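What follows draws every value from the coordinates through simple rules; no lab data is involved. Not measured: the values here are computed from a predicted model. No Cβ is skipped: glycine too gets one built from the backbone with ideal geometry, and neighbour counts run over all protein chains shown.
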Amino acid sequence: MKALIALILLVQLPIHKAVPAAPLAPLGCDDPESEAAAEVAVNYINGHSHHGFKFALNRIEDVHVVPQGPNNAIIFLELDLLETKCPILSPTPLANCTVRSFIEHAVEGDCDVKLQKLDGKISVLASKCHSHADSNKDITKVCPDCPLLVNLNNTEVLESVSALLNDFNSKTTGPYLRLLEIGRGKIQYYPSHVVTVEFAVGATNCSAEEAKVNVEACQLLPEDQSNFGFCIGTMVKHPIQNVHGDCQLYGHQVPTPDIPLLSRPGVTYAHAGQDTSAGLPPSAAGYRNHDLRLSYHNPLASESSSSEMFRSMLSAKPVTKRAVAEAAQHDKVPRPVGFVPPPPPCPGKIRHFDI
């Protein structure tokens with residue numbers, strides 16, 4: 001009888017269902033963790049690019065995190081980058097590199113990056129990038145007479161690079177320099193006809209004086225002694241023809257364990273059958289800038305893994321957007337006068353300017 005009474009009382013007790021834990025709020029694009037991951041991604045991209053210039057972060061467009069356990073996660077980032085004035089060869093830290101201004105004909109980079117956070121340490125698993133120069137129309141709206149980027153193999157650009165390098169070699173007391181790569185070429189037609197060029201060079205085993213005797217014998221220094229540099233100059237073609245420019249050598253750069261000598265930025269020794277007489281890899285001819293899609297090398301990601309990565313990113317994005325929408329719906333409650341809602345978690349802030 002006592003057992004029956006106890007059972008009846010137990011049945012009459014209110015049933016408390018377990019309350020599910022609230023879903024974690026999506027990581028915002030300007031959150032410290034997102035910015036830390038973006039810094040790793042940008043350093044990785046610059047560290048594995050072989051041509052052109054370093055890129056700096058302009059904006060985190062989107063972020064999605066897939067938890068993998070305590071302090072572990074897979075992070076997907078969409079990044080908006082801007083070209084800096086630092087050549088990829090330059091030892092200058094990215095933090096000290098100046099982003100090109102809008103009227104200098106900016107170049108924008110777009111990257112999708114997959115990263116892994118393991119025991120708190122973030123590393124890149126795969127990435128996919130491309131870059132493009134802003135349109136001439138956008139520049140001329142703001143600055144009608146500003147010089148504009150032209151194709152890297154433009155005849156006037158090639159002529160100006162040759163004239164500037166010959167002029168420098170004829171005056172220097174240092175090593176004879178050979179052209180490695182043309183980085184940028186701009187032409188202005190009014191009020192003067194001016195060609196501005198930027199190009200990478202390498203020191204040879206000859207002095208400038210020795211080169212006057214037999215220039216064909218002057219070869220780039222071997223890789224373990226390599227000394228690369230960069231030249232910037234202008235060639236005025238009208239009304240008075242004039243050449244002015246300067247070159248700076250960076251000195252030999254010692255390889256690091258994660259970037260061995262042969263894959264260090266800018267070390268582009270010619271391969272048999274490859275024409276580099278114009279200072280351009282075949283992939284750059286006909287382009288106004290070195291496209292990250294062509295100049296960036298990601299040894300960690302194969303084509304198949306890259307495709308798989310971006311398929312998973314596409315399927316993951318609606319989850320993030322749905323979570324944001326649900327959070328917004330939940331937030332529709334009466335607010336005091338003057339209340340300013342917080343900004344959406346993505347996209348993040350623009351650090352320089354929008355293209």
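Simple spin-label estimate for Asp138 and Val254 gives 4.2 nm between the two label positions (7 Å along the Cα-to-Cβ direction from each Cα). When the pairs Lys85/Lys141; Lys54/Lys237; Lys128/Lys186; Lys141/Lys349; Lys85/Lys186; Lys54/Lys128 are compared against a 20 Å limit on Cα-Cα distance, Lys85/Lys141; Lys54/Lys237; Lys128/Lys186; Lys141/Lys349 fall above it. The slack in the chain from His130 to Lys212, taken as 0.36 nm per residue of separation less the alpha-carbon distance, amounts to 25.4 nm.
Rounded to two decimals, the Cα-based Rg/Rh of the range 73-168, with Kirkwood Rh, is 1.09.
At an R0 of 35 angstrom, the distance between the Cβ atoms of Ser123 and Asp246 translates into a FRET efficiency of 0.35. Measuring between their Cα centroids, the range 212-227 and the range 74-148 lie 33 Å from each other. Per the Cα gyration tensor, the range 147-253 maps to an equivalent ellipsoid with semi-axes of 27, 15, 11 Å, ordered largest to smallest. Maximal additional length on extending the Gln188-Glu223 stretch stands at 8.8 nm, based on 0.36 nm per residue less the C-alpha distance. For the peptides 188-200, 70-82, 113-125, the ranking by packing is 70-82, 188-200, 113-125, with the highest mean count of neighbouring Cβ atoms within 10 Å listed first.
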